[in-house]
Amino acid sequence: MNKKLLNLTLALLIVCVSCKSKNEESGTCQNAEFLKSIQTEKAVLSTRKEALMLTGKVESSRDQTINFIPLVSGTVGQVFFSLGDKVQKGQTLMTLRSADLNELYSEQISAEAELRIAQREYQSAKALFEDKMLSERELFEAEANVAQAQAEINRIKNTLSIYGADNQTGLFTIKSPMSGYILDKQALSPGSNVSAEGDEPLFVISDLSSVWVIVNVYPSDLRYVRVGMEAEITTLSYPGEIFRGKINAMSQIFDPEEKVLKARIVMSNKDLRLKPEMFVEVKLKSKTEKYYIAIPSEALIFDKNRHFVVVEKSNGIFENREVVVRGQNNGTSYIAHGLEENEEIVVKNQLLIYSGLK
């Protein structure tokens, strides 16, 4: 018996000192009892998965958000909403007294009169053209006048589309252009002045059934992040709960203030659990295109700054093997050198066998 097998036999005998009944009385122990306690798993070929922890926050989806900037100036009558309120499309949000709106209604009446005149002139031009008493160019000009008058009416109507007039009070009502939640608003109160010249919205409405998670990607992590990566999102509000998504888009420039690049994850939020401005942790999962041998990390033995595993060559025959670890993730280690696919790796009691074979 060579020295390695002798050492392994001694190790097996030491483990078996707790054997009971007849084996205990005779002072002997069968190696088979120890072999039954050994567990192995096959080494498999797999792409390497890595995890990267980043931070971010929830934002409303810009595709489902309206920043209402007033097109006319006026004075606030009443306000019927507060920050965070849920509103329905067409619901009255506030009333407004506005000379600008009165002027628009006057302009609409004038534009409709001009349209009727242009339409009559076009019909006359068309009849004259059919009788060959008018050139084609003059017919086109008459047709263009009709289109121009109609465009002016459409412009005015679009401006007035979310305003309604109350002839008894002289107030105009501002109605919600969509269903959603009030995320922001000016400090509005009766008598406040509203200006059409400013860029600040009167209010911001968003449908929160879908939200964005904006992830901060630092320069040192940029090479590991790409569109399509799977993400696990956790928050302090829901400990232990994982929200799953994928990176849908990445900015091509770094934020000049935060010095990070922004990546976007679009998340379904039907239950409204993810709130705008909520801070989150984002775990990104990536795969390399290169294949490695994957084994359970618990099988690794670290000794003298090197990694080893115990390989079962055949039933009851073991071998210590030095390996080169390329990476680890979620209990899996990826081996660059030292193992072959389908080799049996000991994952239980490997330290006893390793010590006996040294």
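Within the bounds of the range 168-181, is there any residue that is of a type in the set (Ser, Thr, Tyr), more than 28 Å from Lys89 (Cβ to Cβ), open to solvent by 40 Å² or more (accessible area, probe 1.4 Å) and within 21 Å of the chain's Cα centre (by Cα)? No, that holds for no residue.
Inside the range 253-277, residues that are part of a loop (DSSP other than H, G, I, E, B), under 17 Å from Ser209 (Cβ atoms) and open to solvent by 30 Å² or more (accessible area, probe 1.4 Å) make up a count of 6.
Give me a count of the residues in the range 44-61 that are at pLDDT 90 or above and either open to solvent by 50 Å² or more (accessible area, probe 1.4 Å) or not charged (D, E, K, R) (or both).
Counting residues in the range 44-61 that are at pLDDT 90 or above and either open to solvent by 50 Å² or more (accessible area, probe 1.4 Å) or not charged (D, E, K, R) (or both) gives 8.
Scoring Val280 on the criteria (1) part of a strand (DSSP E or B); (2) open to solvent by 40 Å² or more (accessible area, probe 1.4 Å) leaves a single failure, condition (2).
Checking each residue in the range 334-358 for being touching a Phe, Trp or Tyr at 6+ places or on another chain (Cβ under 9 Å) and part of a strand (DSSP E or B) picks out Tyr334, Ile335, Ala336, Val346.
Residues that are among the charged types (D, E, K, R) and within 30 Å of Ser237 (Cα to Cα) are absent from the range 299-313 altogether. Counting the residues of the range 136-164 that are in a helix (DSSP H, G or I), under 29 Å from Leu101 (Cβ atoms) and open to solvent by less than 80 Å² (accessible area, probe 1.4 Å) gives 12. Scanning the range 322-338 for residues that are under 17 Å from Gln39 (Cβ atoms) and surrounded by 19 or more Cβ atoms within 10 Å (Cβ to Cβ) returns a single hit, Ser333.
Tell me, which strands (runs of 3 or more DSSP E) lie completely within the range 65-135 with 3 or more residues that are without any contact (Cβ under 8 Å) to a residue 60 or more places away in the chain and either farther than 17 Å from Leu171 by Cα or open to solvent by 90 Å² or more (accessible area, probe 1.4 Å) (or both)?
On the way: elements: 65-68, 74-79, 92-97.
Answer list for the range 65-135: none.
Screening Ala113, Ala147 for residues that are over 46 Å from the mean Cα position of the chain (by Cα), more than 30 Å from Leu351 (Cα to Cα) and modelled with pLDDT of 90 or more leaves exactly one candidate, Ala113. Across the range 62-95, the number of residues qualifying as within 19 Å of Asp184 (Cα to Cα) and either hydroxyl-bearing (Ser, Thr, Tyr) or more than 33 Å from the chain's Cα centre (by Cα) (or both) comes to 10. For the range 335-358, the set of residues classified as at pLDDT below 90 and closer than 14 Å to Thr47 by Cα consists of Ala336 only.
The values are calculated or read from the model by the stated rules, or taken from the named source; none is laboratory data. Just so it is clear, the model here is predicted, and its values are computed rather than measured. As a convention, Cβ positions derive from the backbone with ideal geometry for all residues, glycine included, and neighbour counts pool all protein chains shown. Calculation scope for accessible area: heavy atoms of the full protein, side chains included, ligands and nucleic acids excluded. Shrake-Rupley method; radii C 1.70, N 1.55, O 1.52, S 1.80 Å.
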